[in-house]
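The values are calculated or read from the model by the stated rules, or taken from the named source; none is laboratory data. Keep in mind that what you see is a predicted model, and the values were worked out from it rather than measured. With ideal geometry, Cβ positions are generated from the backbone for all residues, glycine too; neighbour counts draw on all protein chains shown. Keep in mind that these areas ignore ligands, DNA and RNA; they rest on the heavy atoms of the full protein, side chains included. Shrake-Rupley method; radii C 1.70, N 1.55, O 1.52, S 1.80 Å.
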Amino acid sequence: MEAPLSFHLSDQPAYWYDNGRADLEGILHTRSLSAAVAGVPTKVKFEIGEPYTSQTHTVSSIVWPVGAKGVPFIQQGSFAGETEFELSSPGLYVFQCRVHPYMLGAVVNDDPTTPGADLGKSVHWIDGTDMPTASDEILFIVSKFFIVTEPANWQYYSPDHPVVWDPQFPSAPVMTGNADGSPNLIPNLNDYFHAKYHLPQTLNPPTKPDVQAVGDMMVDTQFEKSAGKDKPGSITTFDGSTWEMDRKMFLPSINMNNPHNMGLSRDQKTLFQSQWFSNKVTAIDLATGKELHTTEVGPSPSHVMRRPGTDTLIVPNNGGNRIVELDPAGSKVIKSYFTQAPGQDPAFPHAHWVSFDGKHVVTPNSNESNASLFDLSVPNMVKPFSGGFPVATSMTNDGKRAYVANLLDHTIRCLSVDAPACPTPDGSIKDTYSIDLREHYNKISGESNGPYGLSPIQLPVSPDDHYMLVVGTFTGNVLEIDMKTNKIVKSFPCGPGCHGINFGAKKGGGYLGYVSVKFANVAWVIDGDPNSDGDLSDARLTGGVITSGAATKINDDTPSSQFGQGGQGVWAYPEVYNGWVQELPDEWKSQLTCQQQNPLLKAVC
Ligand SMILES: [Cu+2]
């Protein structure tokens, strides 16, 4: 099998590391894989620039054969231009952009003296340890690589009939290594994955949530393509009283580029949309779907969150070294706060969170293994340790704890903002505590004895601080964690690339968790504590909605492909987190219960 060893990094969904060989896509079931022959000096070339991408990226190795040279291959910051990596030991090499972490490219450096394509006996794995390549976690995530990087392998639900989901993998023999060092040949990778993961599967139409919400659920369907622009992405919103899709907004007039996450103005009328593969945040009038203005804020703005009290907006430069603050209209940058000391490499702050009183901001620093905890009133910043590839954060609504999801070592770090506030399963309260999402999973054998998750991303805490919902993006599930104990109590199905979660108000009281999925045209609605008593044993999935199709109110372009795909940012109006709910206009407040208006005050209602 002949494949060129060069990749263009790209904005186009799935083809983020594009080997340019569409002709091989039907065989490899990806355009993000290349192969070489070990022993023959071989360089892999990576190019970053127009017309493939308008933003800066990194080429950072996350997997390499034990014994390989020149690893870890990393750059100080994100860049445009070219770089090269020289292969050495036989086996699997995987590269990632540290700003946009699902941008993945892989190279198999094959040992011609063994049968099959060599992954190597053991590799340095994403969690920072060396592992035999026949390990359950490695083969599981290798199978997900072909879902992430191949649109034909994504899930396409139909609203009215069951469909068959039958992802394809290379029908090639693959050589792996067992824990005892002995060889383990997989004769046909496609057959192996179909048997192991019970493929194909039937996707039944999601049943509409059997509860009503106040206001709208909003999802960034970031990979959906349309006729009127070349950059991907739409914003899809649903009326929570009917679960009808009421807006499908592509903003072709500004060629909106990969809409990743959203924020809202205090009056709930203006949506602030980050364009992740650009340097822009756009203000959109929710009543008309029209662009109000677009502001340059710095490289790869990831998330937008309004500060209660000041109404200003906090936006991280995910491709850079700071968070910026914009005026309430989102029309100009008024302040910036560095996420590292002068002269240090940029921290790449990704999914941040703002405290209920607008005083603290926490960022997960993806170019390091720590978080930045800002007190904006001073301003000062501390950088507590977090874990392997911090990617997203949240805070308890009382502002006492921050949580950081570590994408690559499958942990969640609890950090105390002031006094020790992190509960542990043995009942003690600590300053920090790490929740291991693999506690019930053996990464080598694959055995499990309880709910587990691989690669957490968004992890919001319910406005009443009863529980957290966190996605496992590789396991394609949502875990529920009890905020009294930091223990995993439940797992819900979600789908490949499960990604975003945030809370909205359930009609009549309580909260609903809205969940987005990157590689499926569906979004789910979870009721994590139906009667709001803090006993989570009655938590349930209420149903889901299809994210493709036409909307009832606003359609500003013609969807052309990857219909409803790419679910990432999720937000809701009215905003019901503590600190935001108190600032709502009366037209929304009047639709909420007394308890929803005072999420943490048990006595007043
Ligand atoms: Cu990138």
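In order along the range 558-566, the phi-based Karplus estimate (6.51 cos²θ - 1.76 cosθ + 1.60, θ = phi - 60°) of 3J(HN,Hα) comes to 9, x, 10, 6, 6, 4, x, 8, x Hz; Gly and Pro are listed as x.
For K208, the amide hydrogen comes within under 5 Å of the amide hydrogens of G544, counting only partners 5 or more places away or on other chains and with H modelled in the peptide plane. Heavy-atom accessible area for C498, with the other protein chains in place and a 1.4 Å probe, reaches approximately 0 Å².
Summed over the residues of the chain and divided among them, the accessible surface reaches 33 Å² per residue at a probe radius of 1.4 Å.
Can you tell me how the range 304-406 classifies by the Cα gyration tensor, rounded, prolate or oblate, using a/c under 1.5 as the rounded cut? Oblate. Give me the angle, in degrees from 0 to 90, between the Cα long axis of helix 136-148 and the longest principal axis of the Cα atoms of the chain, rounded to the nearest 10. Long axis of 136-148 versus the principal axis of the chain: about 70 degrees. Element breakdown for the range 5-198 at a 1.4 angstrom probe: carbon and sulfur atoms account for 57% of the accessible area.
Once the Cα-Cα distance is subtracted from the 0.36 nm per residue extended length, the T83 to D160 segment shows a gain of 22.9 nm. Our estimate of slack between S253 and A287, defined as 0.36 nm per intervening residue step minus the Cα-Cα distance, is 10.5 nm. Between H440 and K269, residue separation times 0.36 nm minus the direct Cα-Cα distance comes to 57.1 nm. Structural descriptor for the chain: relative contact order 11 percent, calculated from alpha carbon pairs under 8 angstrom and at least 6 residues apart. Remark: for residue pairs K269/K506; K144/K196; K290/K553; K121/K144; K484/K602; K248/K269, the C-alpha separation exceeds 18 Å in K269/K506; K121/K144. Shown for the chain: cysteine residues without a partner Cβ closer than 4.7 Å, namely C97. For A36, nonlocal amide neighbours, meaning residues 5 or more places apart or on other chains whose placed amide H falls under 5 Å from its own, are V108, N109, D110. I need the fraction of alpha carbon pairs in the chain separated by more than 44 Å, rounded to a whole percent. For the chain, the fraction of Cα-Cα distances above 44 Å is 13 percent. Compactness of the range 5-198 is given as radius of gyration and Dmax, 16.6, 54 Å, from Cα positions.
In order along the range 456-470, the phi-based Karplus estimate (6.51 cos²θ - 1.76 cosθ + 1.60, θ = phi - 60°) of 3J(HN,Hα) comes to x, 10, 5, 8, x, 9, 4, x, 8, 6, 7, 7, 10, 10, 9 Hz; Gly and Pro are listed as x.
For the pair D535 and V40, a Förster radius of 51 Å applied to the C-beta separation gives a FRET efficiency near 0.25, rounded to the nearest 0.05. The HN-Hα couplings worked out from phi for the range 509-515 by the Karplus form 6.51 cos²θ - 1.76 cosθ + 1.60 (θ = phi - 60°) are x, x, 9, 10, x, 9, 10 Hz, whole numbers, x standing for Gly and Pro.
Over all projection directions, the Cα-based convex hull of the range 148-225 averages an area of 8.8 nm².
When the solvent-accessible area of the range 213-597 is split by element, carbon and sulfur atoms take up 52 percent of it, the probe being 1.4 Å.
In the distance distribution for the range 229-340, Cα-Cα pairs more than 25 Å apart total 19 percent.
Across the chain, the longest piece that holds none of the GluC sites (Glu not before Pro) lying in DSSP loops with up to 14 other C-beta atoms within 10 Å covers 3-446.
The calculated FRET efficiency for the pair K196 and R21, based on their C-beta separation and a Förster distance of 30 Å, comes to about 0.65. If R0 is taken as 22 Å, the Cβ-Cβ distance between D418 and V604 corresponds to a FRET efficiency of 0.35. If you sort S532, S226 by accessible surface, 1.4 Å probe, largest first, the order is S532, S226. Taking amide H positions as modeled 1.01 Å from N, with prolines and chain starts lacking one, the residues under 5 Å from R401 and 5 or more places away or on another chain are T396, V417.
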